[in-house]
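> I'd like to ask some things about the structure below.
Just so you know, all these numbers are worked out from the coordinates, no wet-lab data involved. Computed from a predicted model, the values in this text were never measured in an experiment. Neighbour counts are summed over all protein chains in view; Cβ atoms, including those assigned to glycine, are modelled from backbone coordinates with ideal geometry.
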Amino acid sequence: MSVSAVALIACAALAGCGARTAIYADVSVAREQARIRELLRDLPGLPDGFSARPREGWSPPFRLGDTDCKTLLDAVAGRPPSAGELRTHAEATYYGDRVGELAGASVASYAAGANASFDALGDALDGCARMVRRNPAGGTTLALADQPSAVDELELGDGTAGTRLSGRLNGYPYDMHVVFVQSGQTLISIVHAAMGSADPARTEALARAVTARMTGEAE
């Protein structure tokens, strides 16, 4: 089966393409999850330097104490919000060619109420003030950016929310962008992180690539 044919099938299963409604009449949960995984494994539009061979789902590189912050990163790590009727989800991690650079993507499909889960992530963004974990090696401290960034201004799907966290990871400068996209009954969660600084343009390209793939708009 061609890549375009797979994309069209997944589009019908995930977001209903133009109608943006859930269509599950003859698609089992297991088949739908397999389709999501296949699309994440074959993702056009990745920024230059990212491996085309993704690995298993992403995990946060530190422990979280704040409930709202944990909700945000849980969504990327394969524990999406269940405010709606969660159907299935799948994850992948892509490694970049910059120091410590990687991106995690999680795609969750809902039978209904994806907007409620998206709103829950928006509330968590508002409530996440800082992430702190201390250790003898120098500690890890990540805080939400004080000023709006390019990540906050993305407009994808039916709704987009995101932010930047920066600080130190085990004593080293670290930068992390998180982006959430709702498209019909599909919720996409993206994290892009790197030592030093993560490029917002690469974050945008990642978010656009995953969204286009899951909505059948990718070439």
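> Whose amide H sits under 5 Å from the amide H of residue 87, counting only residues 5 or more places off or on another chain, with H placed in the peptide plane?
Amide H neighbours of residue 87: 109, 110, 111.
> Something else about it: Normalised radius of gyration for region 58-214, please: alpha carbon Rg relative to 2.2 N^0.38 Å, two decimal places.
0.97
> For region 45-67 and region 182-219, what is the centre-to-centre distance using only Cα atoms, to the nearest Å?
Taking the Cα centre of region 182-219 as reference, the centre of region 45-67 is 12 Å away.
> Continuing with this model, one more query. Please give the length that would be gained between residue 51 and residue 82 if that part of the chain were fully extended, namely 0.36 nm times their separation in residues minus their C-alpha to C-alpha distance (nm, one decimal).
Computed gain between residue 51 and residue 82 is 8.1 nm.
> Check which residues have an amide H placed less than 5 Å from residue 158's amide H, if you skip close sequence neighbours.
HN-HN under 5 Å from residue 158: 182, 183, 184.
> What length, rounded to one decimal in nm, is gained on full extension from residue 34 through to residue 197, with 0.36 nm per residue of separation minus their alpha-carbon distance?
55.3 nm
> So, by mean Cβ neighbours within 10 angstrom, what's the order for 173-179, 51-57 with the highest one leading?
Numbers: 173-179: 23.3, 51-57: 13.6.
Going by the mean number of other Cβ atoms within 10 Å, highest first, we get 173-179, 51-57.
> Compute, for region 50-108, the length of the dipole vector about the Cα centre, with Cβ point charges of +1 (Lys, Arg) and -1 (Asp, Glu) only. Units Debye, rounded to 20.
140
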